[in-house]
1. Answer yes or no as to whether Ala87 is surrounded by 15 or more Cβ atoms within 10 Å (Cβ to Cβ) and farther than 29 Å from Leu182 by Cβ.
2. Looking only at the stretch 285-300, count how many residues are crowded, with 17+ Cβ neighbours inside 10 Å and in contact (Cβ under 8 Å) with a residue 24 or more places away in the chain.
3. If you take the residues of the stretch 130-144 that are more than 15 Å from Leu119 (Cα to Cα) and touching a strand residue (DSSP E or B) at 6+ places or on another chain (Cβ under 9 Å), which of them is surrounded by the fewest Cβ atoms within 10 Å (Cβ to Cβ)?
4. Suppose the filter is under 25 Å from the mean Cα position of the chain (by Cα), among the polar types (S, T, N, Q), surrounded by 15 or more Cβ atoms within 10 Å (Cβ to Cβ) and at pLDDT 95 or above; does Asn154 pass it?
5. Tell me, yes or no, whether the stretch 163-171 has at least one residue that is out of contact with any Cys (no Cβ under 9 Å at 6 or more places or on another chain), surrounded by fewer than 23 Cβ atoms within 10 Å (Cβ to Cβ) and within 22 Å of Trp116 (Cα to Cα).
6. Any residue that is more than 18 Å from the chain's Cα centre (by Cα) and at positive phi - is there at least one of those in the stretch 233-243?
7. Considering each of Pro185, Pro192 in turn, give the residue that is touching a residue at least 60 places away in the same chain (Cβ under 8 Å) and either within 20 Å of Phe256 (Cα to Cα) or outside the structural domain of Ser263 (by TED's automatic domain parsing) (or both).
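The values are calculated or read from the model by the stated rules, or taken from the named source; none is laboratory data. If you're wondering where the values come from, they're calculated on a predicted model, not measured in any experiment. Cβ placement follows ideal geometry from the backbone for every residue including glycine, while neighbour counts extend to all protein chains displayed.
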Amino acid sequence: MDKTEINALITLLDDPDENIFSQIKDKIRGLGKEVIPILESAWESQLSGNQLFQNRIENIIHDIQFEFVFSSLDHWTKTGGVDLLEAMILISKYQYPDLNEEKIRQQVKQIEKDIWIELNQNLTALEKVNVINHIIFEVHGFAGNRTNYHAPQNSYLSDVFESKKGNPLTLSSLYLIVAQNLDLPVFGVNLPNHFILAYIDFSMFSKNHISNLLAESKHLKILFYINPFSRGTALSKLEVDNFLKQLNLSPKPEYFRPCGNISIVKRMLNNLINSYEKLGYPDKVRDLKKLSEAVGGLND
């Protein structure tokens with residue numbers, strides 16, 4: 001369909017007949033993201049007045065952008081959820097459709113490069129973590145957002161790069177993305193009420209690839225845990241036990257085992273749902289619950 005035909009369809013969007021409007025809307029939505037600039041131009045041409053026309057265009061643009069994020073996240077899940085950064089970018093695109101994806105990827109690469117320069121094979125696991133902590137929290141200035149902990153911005157990676165503030169999950173996710181890209185065996189741990197990382201004894205799996213280690217999760221030896229929300233503090237299993245006792249929770253094996261990327265993304269979406277429920281944004285809550293279906297729902 002050429003631009004003239006698309007514009008002809010768009011002019012019919014203010015038709016009072018809901019059946020006709022529904023058919024036109026479905027045809028336009030079926031054209032995908034490429035039609036958005038034409039819709040935006042049509043919206044701007046009506047600045048003097050037609051509120052119904054403008055509202056309908058806004059809703060169609062939102063639906064097209066949402067469908068892109070949903071289908072992309074669904075494909076990410078069905079292909080194994082290997083690239084956590086890709087999923088975090090997609091979640092940010094839900095809120096910021098015009099997000100500069102390449103800028104975020106370059107920012108992550110810069111952190112990796114800064115860490116790589118400081119690493120060497122003679123360092124112990126704890127010394128390597130100290131290098132990562134120095135680069136992420138001192139050189140690049142990231143920190144936990146303790147004053148506005150539940151803000152949805154803490155769950156969008158693009159906002160975290162802008163403010164240098166995040167919640168335990170986004171800071172941990174950035175940390176493990178960088179660490180794994182540098183071939184360090186760091187994984188997420190789905191602790192109740194918090195999210196931390198585990199540093200695995202990789203020497204036991206020298207012939208395995210880091211991304212395949214989770215298949216052996218029941219047999220993994222964890223050297224120590226890491227709390228990125230507290231600037232990468234190293235934790236022992238006893239300290240994690242004490243944290244659970246403070247929550248009046250009995251320690252369960254799944255609280256200590258590494259989790260996969262899909263579980264991390266589910267928790268990220270759940271955090272956003274909780275944030276928007278607190279703020280009173282039912283449309284956002286509905287969208288994000290729908291988006292969670294692309295990763296298999298909110299519960300494992």
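1. Working: surrounded by 15 or more Cβ atoms within 10 Å (Cβ to Cβ): yes; farther than 29 Å from Leu182 by Cβ: no.
So Ala87 does not fit the description; no.
2. So the answer is 6.
3. Checking each candidate, the answer is Ala143.
4. On the way: under 25 Å from the mean Cα position of the chain (by Cα): yes; among the polar types (S, T, N, Q): yes; surrounded by 15 or more Cβ atoms within 10 Å (Cβ to Cβ): yes; at pLDDT 95 or above: yes.
So Asn154 passes the test.
5. yes
6. No, that holds for no residue.
7. Pro192
For every residue, the table says whether it meets (1) touching a residue at least 12 places away in the same chain (Cβ under 8 Å); (2) over 19 Å from Lys3 (Cα atoms); (3) not assigned by TED's automatic domain parsing to the domain that holds Pro16.
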| site | (1), (2), (3) |
| --- | --- |
| Gly32 | yes, no, no |
| Val35 | yes, no, no |
| Ile38 | yes, no, no |
| Ser41 | no, no, no |
| Ser45 | no, no, no |
| Gln51 | no, yes, no |
| Asp63 | yes, yes, no |
| Val69 | yes, yes, no |
| Ser72 | yes, yes, no |
